[in-house]
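Working notes for the structure below.
The values are calculated or read from the model by the stated rules, or taken from the named source; none is laboratory data. Because the structure is a prediction, the values reported are computed rather than measured. Because the Cβ atoms are built from the backbone with ideal geometry, glycine has one as well, and the counts that use them run over all protein chains shown. Only protein heavy atoms, including side chains, enter the accessible area calculation; ligands, DNA and RNA are left aside. Shrake-Rupley method; radii C 1.70, N 1.55, O 1.52, S 1.80 Å.
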Amino acid sequence: MMELAQYILLGFQSALDPVNLAYCFLGVLLGTLIGVLPGIGPVATISILLPITFKITPIAAIIMLAGIYYGAQYGGSTTSILLNIPGEATTVITCLDGYQMARQGRAGPALGMAAIGSFIAGTLSLLGLTFLATPFTDFAIRFGAPEYFSLMVLALVILTYLARGSMLKALIMALFGLTLTTVGTDNITGSLRFTFGILHLSDGFDLVPLVMGLFGISEVLINVEQTLSQDVLKTKIKNLLPTAQDWRKAVGPILRGTGIGFFLGVLPGAGPVISSFVSYTVEKRISRYPEKFGTGMIEGVAGPESANNASAQGAFIPLLTLGIPPNVTMAILFGALMIHGLQPGPLLMKDHPDFFWGVVISMYLGNLMLVFLNLPLIPLWVRMLRVPYPILFPLIILFCLVGAYSLNNSSYDILVMLGFGILGYLMRKLKYEGAPLVMAFVLGPLLELNLRRSLIVSDGSFWIFFTRPISAVILTLALVILGLSILSKFRKKNQNYQE
Amino acid sequence: MRRAEQIACLFWIIVSLVVCAGAIGLKLGTPSDPGPGFLPFGTGALLGILAFVHLMKVSTASFKGESGEFLWQQVIWRRTISVVLSVLVYALLLPHLGYLIATFILMVILFSLYDRRRWGVVIPASLLVIGITYLVFHVWLKVQFPTGFFRIG
């Protein structure tokens with residue numbers, strides 16, 4: 001306990017450094033802004049800003065990028081409540097009751113409850129992160145190559161299992177992502193793979209142009225081909241602080257949402273989107289008035305908004321302690337840590353406690369900043385919503401171009417980004433998700449290294465993954481999930497056939 | 001929709017064949033001593049199998065509700081193609097024209113994509129954006145931009 005207190009003090013020392021504090025503020029400000037603006041999300045923003053962070057210290061970089069991620073969870077609710085357009089996928093469910101509340105003239109309490117619920121959930125989730133980080137790290141130290149390989153397989157399987165569309169397509173994406181990681185020089189033998197005589201490919205594909213293309217450019221291509229409507233509900237936003245009755249109704253959903261969000265955030269593959277949906281379903285199921293959900297119930301705002309924030313903070317546990325990113329944003333942060341020379345995993349906390357605890361404490365401060373950014377500044381965010389897309393999209397493209405170019409001072413990276421942008425655009429059209437691809441791309445090198453190491457150690461026996469207890473449990477779980485998914489598909493098919 | 005799905009599956013099958021052929025050429029090794037082609041062969045083969053399964057699935061599935069739907073219906077093609085082409089040309093011309101000139105041309109094109117007539121807004125807006133990005137990235141963050149033939153910037 002004393003050790004933890006010392007670490008927390010060390011974290012405060014790092015987080016309260018004026019430069020880190022400024023980057024934390026910049027991160028949550030940008031996060032809120034892009035959360036508010038439909039058409040650009042945290043994944044695209046973090047991808048676009050990734051090259052800029054190379055010029056600053058690793059701790060400032062991660063503090064800022066993390067701030068964008070959890071800040072976007074706050075900002076996304078504004079568009080859901082006022083426009084009925086979710087600023088982020090994580091706030092889709094907030095539209096149902098939030099927009100109805102706004103139409104009844106209760107936009108203020110809806111926005112206020114979303115922000116306060118997010119703050120409570122974020123803070124409680126961070127407490128979980130603070131107290132669970134050490135036990136997780138101690139557990140992860142026991143991991144060897146087979147355990148890491150199994151854990152990465154499990155992360156990919158869960159991610160594809162929970163994919164919004166077809167699991168088959170998600171698996172194809174994950175395999176394509178793994179294939180992309182093999183382009184370039186083989187880390188073990190040094191031989192060139194799939195470079196086709198192109199010198200630039202000898203280092204493989206960089207994460208930055210890949211994610212900027214897949215998420216930034218493709219998002220622009222999808223948006224410019226249609227005319228986005230930006231009708232802001234003309235309602236007077238008053239009484240942001242919820243009433244005592246609102247509080248009575250919302251306390252339970254906030255606490256349950258926090259629990260659900262935190263648990264699903266830690267789990268690989270789940271993340272804030274699913275957390276918000278699960279929280280809404282739970283609230284509706286246990287409510288005495290389930291039929292009223294969708295007509296402007298504050299529980300339908302408080303629960304999901306708390307869940308998505310708790311999940312966003314909880315997701316840092318597997319990333320920072322196990323070195324396994326549980327969702328695509330964490331996968332990009334994983335890449336950012338690697339680029340900055342830090343290996344996410346159990347040794348991160350042991351070797352760089354100032355960094356680890358500095359980032360954790362900065363999130364407490366960021367959450368506090370977000371309440372003050374969100375509640376009093378809501379009229380400003382509403383005005384930001386009126387920034388027309390014809391002005392916004394050239395700026396997004398320019399940021400992507402500068403980001404890609406500045407990586408190696410080469411136009412080649414712009415071409416790679418454009419190539420992945422076109423691929424991402426086609427993938428979106430055909431409903432292939434980008435998240436499994438990026439996750440596999442980030443985990444690929446480590447997955448291959450751990451697979452080959454395990455096989456060398458076991459003299460070519462694949463049983464090594466099942467003879468070691470932790471690895472066996474993890475891999476069996478992955479196989480069970482795969483099996484269950486196939487079984488449920490067969491059952492559905494059978495049912496349809498019988499009908 | 002079905003045709004597009006089938007083309008996508010064929011694309012993945014071709015990718016998988018290229019990867020598998022390349023992996024064999026790289027040396028697969030043995031399980032006790034996996035070579036550089038070991039993992040790519042595995043992922044390539046699995047990719048091909050899954051793409052084939054998906055191809056069979058979409059070829060036999062009924063697309064009743066979506067028969068009239070086409071992926072690129074009601075889409076303003078001109079804008080999408082203009083963005084792709086302008087970024088492509090920008091990447092090719094950037095080293096020759098330099099950041100300031102190439103970006104100015106690109107910004108003018110992109111800002112006027114929705115409304116071509118407002119030159120009085122488009123040109124000052126493009127200049128403003130270039131000025132700000134130049135200050136932030138070049139002066140503050142020390143990003144080295146190309147100066148091109150004209151050595152501007």
When the convex hull of the Cα atoms of the range A:1-153 is projected onto a plane and the area is averaged over all directions, what value comes out in nm²?
11.6
Show me the chymotrypsin sites (Phe, Trp or Tyr not before Pro) within the range A:1-108 that DSSP assigns to loop and that have at most 10 other Cβ atoms within 10 Å of their Cβ.
none
Total accessible area lost when B and A pair, probe 1.4 Å, Å² to nearest 100
5300
Cα-centred dipole magnitude for the protein assembly as shown, charges only on beta-carbon of K, R (+1) and D, E (-1), debye, nearest 20:
1640
Taking the simple approach of a point 7 Å from Cα along Cα-to-Cβ for both B:Arg116 and A:Thr281, what is their distance in nm?
5.1
Under 15 Å by backbone N from the virtual spin label 7 Å along Cα-to-Cβ at A:Val480, the residues of the range A:118-157 are A:154-155
Express the C-alpha Rg of the range B:2-60 as a ratio against the empirical globular expectation 2.2 N^0.38 Å, rounded to two decimals.
1.29
Within 10 Å of each Cβ of B:78-85, how many other protein chain Cβ atoms are there on average?
5
Ignoring ligands, DNA and RNA, what percent of the 1.4 Å accessible area of chain A is carbon and sulfur?
65
With no solvent and one equal point scatterer placed on each C-alpha of chain A, evaluate the Debye formula and give log10 I(q)/I(0) for q = 0.09, 0.11 Å⁻¹, two decimals.
-0.61, -0.93
For B:Leu135 and B:Thr147 in one chain, what is 0.36 nm times their gap in residues minus the Cα-Cα distance, to one decimal in nm?
2.8 nm
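List the DSSP H helices in chain A whose Cα atoms stretch 20 Å or more along the helix axis and whose mean Kyte-Doolittle hydropathy is at least 0.0.
Going by DSSP H runs, the hits are A:18-36, A:58-83, A:107-140, A:145-161, A:167-181, A:244-266, A:271-286, A:353-374, A:389-408, A:411-429, A:435-457, A:469-498.
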Virtual spin-label span in nm between A:Asp351 and B:Ser82, 7 Å along Cα→Cβ:
5.0
From the convex hull of the Cα coordinates of chain B, what is the mean projected area in square nanometres?
15.7
Amide hydrogen neighbours beyond the local backbone of B:Gly98, cut-off 5 Å, H modeled
B:Gly148, B:Phe149
If I model a spin label at A:Lys55 and B:Gln74 as a point 7 Å from the Cα along the Cα→Cβ vector, what separation in nanometres do I get?
4.3
Where the Cα pairs of the range A:287-440 fall when distances are cut into 10 Å bins, in %
8, 22, 30, 31, 8, 1, 0
Of the listed pairs A:Lys492/B:Lys27; A:Lys284/A:Lys493; A:Lys429/B:Lys27; A:Lys249/A:Lys489; A:Lys284/A:Lys431; A:Lys249/A:Lys350, which have alpha-carbon separations greater than 32 Å here?
A:Lys492/B:Lys27; A:Lys429/B:Lys27; A:Lys249/A:Lys489; A:Lys249/A:Lys350
Normalised contact order of chain A, rounded percent, pairs of Cα under 8 Å and 6 or more residues apart:
27
Coil-residue trypsin sites (Lys or Arg not before Pro) of the range A:286-385, DSSP, other Cβ within 10 Å capped at 12
A:Arg288
Taking 35 Å as R0, compute the FRET efficiency from the Cβ-Cβ separation of A:Leu127 and A:Arg103 and round it to 0.05.
0.45
Report, in cubic angstrom per residue, the convex hull volume of the C-alpha atoms of the range B:77-140.
77
What is the Cα centroid distance between the range A:1-75 and the range A:333-369, reported in whole angstrom?
10
